Each structure stands twice: as C-alpha cells, then as structure tokens.
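Here is the structure we will look at, set down as structure tokens.
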Amino acid sequence: MDKKDNFDFEEFEKKLRQLPKVEDNRSKEVIYQNIRKQMNTEPMKKRKQWLVPTVASTFAAFLLILLIPMMLSNESNESEEALPVTEEAEDNEMFAIEVDEVNENAATEQELYISALVDDILLENQRIVTVPFVDEQANFIVPVSFIVRDDDAILHQMTAILEEYDPSYIGLSESPLKGVTFEEVSDTTVAVDIPEVPIGSANEKILVEAIKMAIRPLSYSFATVLVNGIEGIDIGQYGPLDSLDVKSFVSGYYFYESASGIKLLVKGPSEETGALDFEENLQMMQSTNQGLFPTIPEEVVIESVVEEKSGTTTITFSNDTDVLTTPTPLMMIEAILLTARDSGIQEIRFENIGVEELGHYKFNDAISTKIYPNGVAYR
C-alpha cells in the first residue's frame, strides 16, 4: 500500500489543534514593508502573464512547514518523503500585490488603501512607470504605478502594461489608451497613435486627459495624436491634435473607492476651480469633489503652509494633531505629497504631526515628494 494511503488525517487535525497560538506583535505597516522588501530581492523572471499570488496558498505552505517535522518526529517508523515543487507553486511567486496583501498596508485604518511607491524600494535595474486606467463608470482617470526593469524604452513598457495588466484586480476598467502606441519624436514630443477616434465628448475628454497623464511625468511637453498612423484627423471637440500641450492645472488628490472597496488616489477635477495654489488645494481636499472623497479629514487643522526658496515647504498642524487618530493617515500624507509634487514642490516638512514614522515616511526630516500613486503590481 502506498504511504499516502496510510496518512492519518484525524491525527493531522489533532496535531494541528495542538499547535501553540502564534501571535505577531508587529504593526501591519511593518509586515507590509517586509513583504515589499522580500519581493524586491527575488530575481525577476521574464513572462507575459501577470501573476497574482494567493495568500491562502502561502499560509497553507507555512503550516505544512511547521507540521511536517512534528509529525515525522512522532512517527519514527515512517521515512521522510520530499514534497514536490509543482509548476503552479512556482508560478505563484510575488510579482503582484494581491488585494489581501494590500489590506496589510492599511495599518490602523482597517481599509483597503493602496499606497504609493517610492524610489527607495527600487533595485539598481528597476524603475517606476505610472499608467492611466479608469473607474468602472469611466468618470475618473486613475493613475496606477508599476515597478519595471530598466532594460527597455519606458514608452514601450507603458504600451506592454496597457495590453497585459488586468485592472479588474483592483476594481478598475481598461485604460482609454489600450491599443495605443507611443513613439518619441523629439526630446519634448511623443507621437501617440490611437486605433480610432472615441465616440462622444466624454470619451474624447477621457482620452485626452489620459494622454496628458501618461506623458507628463516622463518630462515631455507635447503629444502629437495620430489615428492609425495618420496625422491631422479631428479628435471630436478638440480638432486635430498635432501639438497637444500635456501640462494641466494643478489640483488636489482625492480618493476613489471601487465597488470591491479598494481605495485609490485620484487627481481631482480642476476646470471648475481654475488654477489654485498649493494651500488652496489642501483646503479643497477636505471636501468631496464631484464624486471623489476627501483625503484630509475636516477635523485636521493646518495652521500654516510656508514655502521656502530651497524647494521645501513646511506644513504645520495644530498642536493637538495626531494623524494616527484620523481614519486614513497614510492616504492623507500621500495625497499631500502628490499635490505638492504636481505644484513643483520638492520636499515637505511636517510639523506637529503626532507621529515619528508612517509607512515609508520618517517625519524627523523633510520628505521627498517624488512618489508614485497607487502602486499595485510588479512586472
């Protein structure tokens, strides 16, 4: 009879119940950061598909590692038998953050907020690219950031991500730029070739804003929009876009919540408010904005915002502020940093914030605004 037929499942369950209770006193923030560090030290394999690992499988494997030695020590007549490494297990390497793991990033918030990426977590051969997707109703453009290898042109990598990544993992819909190709024309201009002109003014606007969002962080100033390789075709209300200026008004960052409960940072509409300065945008971020939710709670009091010539801006909160008592502290900090980044501010110093460290950020010194919103996956 095969050894597997002799396996006593009742004995297995009994020993499982006898295991001591395992308690982890680390904060969720620390656990999450450790997960990211481990992901970044693994060698990256070339593959087409996007891999989303299952936390349940990982936990089951961890239990087996604990139980097998105990069972073998009590069954002296049984010989050791190695567990096979299956192709499925190999494919579950962590190249993407799953929704369950994103929950670790919420810390005391107990919410599914997807935090930003920072350069400090990158290896030497990696960089970050931000790609626009849309919400399920196609009302908002949602920036999603990816860590990629730096062995290809970033415009080509953006095209590949738009084709390969399934945004439904995080409750989003496909990008209006799916099927689009990008080609550098000059140091200042990118040619954007779209397969067809979108139907309807709302879709035209989403397309144009998505192009701006994709091109602007890459230090380009203009985009030439082609349709199937042909220049000069009218893009609805915009007419021909031979030299689209990718600059836009600076606006604050709010959060969008998908149907699955995942929260992502989104740049708020700016046409109605016009050009606001940094402090004015912070004030706006305490209220809802056309279906987007505030990232700075009303009870948080910002006493002053002082911009210095050095490129550093100091934000001073009221003396009784403790960001950890707010519903979404990490989201608030990152929304402020992103708004500052878009305003041309290089660093933010937070005063009277009530905490020394949160996520990637240490508040004993000024913090760089060079962060990338909604870091959900690795390629």
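The values are calculated or read from the model by the stated rules, or taken from the named source; none is laboratory data. Worth saying up front: this structure is predicted, and the values here are computed from it rather than measured. All Cβ positions, glycine included, derive from the backbone under ideal geometry; neighbour counts span all protein chains shown.
Considering the conditions (1) over 22 Å from residue 261 (Cβ atoms); (2) free of Cβ contacts under 8 Å to residues at least 60 places away in the same chain, residue 332 is excluded by exactly one of them, (1). Would you confirm, using the coordinates I've provided, whether residue 165 is of a type in the set (Ser, Thr, Tyr) and either under 20 Å from residue 291 (Cα atoms) or modelled with pLDDT under 90 (or both)? In short, no. Of the residues making up the stretch 260-279, none is aromatic (Phe, Trp, Tyr) and out of contact with any helix residue (DSSP H, G or I) (no Cβ under 9 Å at 6 or more places or on another chain).
Looking only at the stretch 233-258, filter to residues that are of a type in the set (Gly, Ala, Ser) and more than 26 Å from the chain's Cα centre (by Cα); which one of those is surrounded by the fewest Cβ atoms within 10 Å (Cβ to Cβ)? Please lay out each step first, then the result.
Step one: list which residues in the stretch 233-258 are of a type in the set (Gly, Ala, Ser), which gives 236, 239, 243, 248, 251-252, 258.
From the residues that got through so far, the ones that are more than 26 Å from the chain's Cα centre (by Cα) too are 236, 239, 243.
On the way: 236: 15, 239: 10, 243: 12.
Checked the stretch 233-258; the qualifying residue surrounded by the fewest Cβ atoms within 10 Å (Cβ to Cβ) is 239.
Looking only at the stretch 164-199, filter to residues that are within 25 Å of residue 259 (Cβ to Cβ) and aromatic (Phe, Trp, Tyr); which one of those is surrounded by the fewest Cβ atoms within 10 Å (Cβ to Cβ)? Of everything passing the filter in the stretch 164-199, 169 is surrounded by the fewest Cβ atoms within 10 Å (Cβ to Cβ).
Within the stretch 286-300, residues that are assigned by TED's automatic domain parsing to the domain that holds residue 338 sit with their Cβ atoms under 8 Å from residues that are at pLDDT below 90 and of a type in the set (A, V, I, L, M), at 6+ positions apart or across chains, in these pairs: 300/323. For the stretch 223-232, taking the residues that are surrounded by 15 or more Cβ atoms within 10 Å (Cβ to Cβ) and either hydroxyl-bearing (Ser, Thr, Tyr) or out of contact with any Leu (no Cβ under 6 Å at 6 or more places or on another chain) (or both), the one that is nearest to residue 289 (Cα to Cα) is identified as 224. Can you tell me which residue within the stretch 313-325, out of those that are of a type in the set (S, T, N, Q) and surrounded by 18 or more Cβ atoms within 10 Å (Cβ to Cβ), is farthest from residue 113 (Cα to Cα)? Per the stated criteria, the residue is 313.
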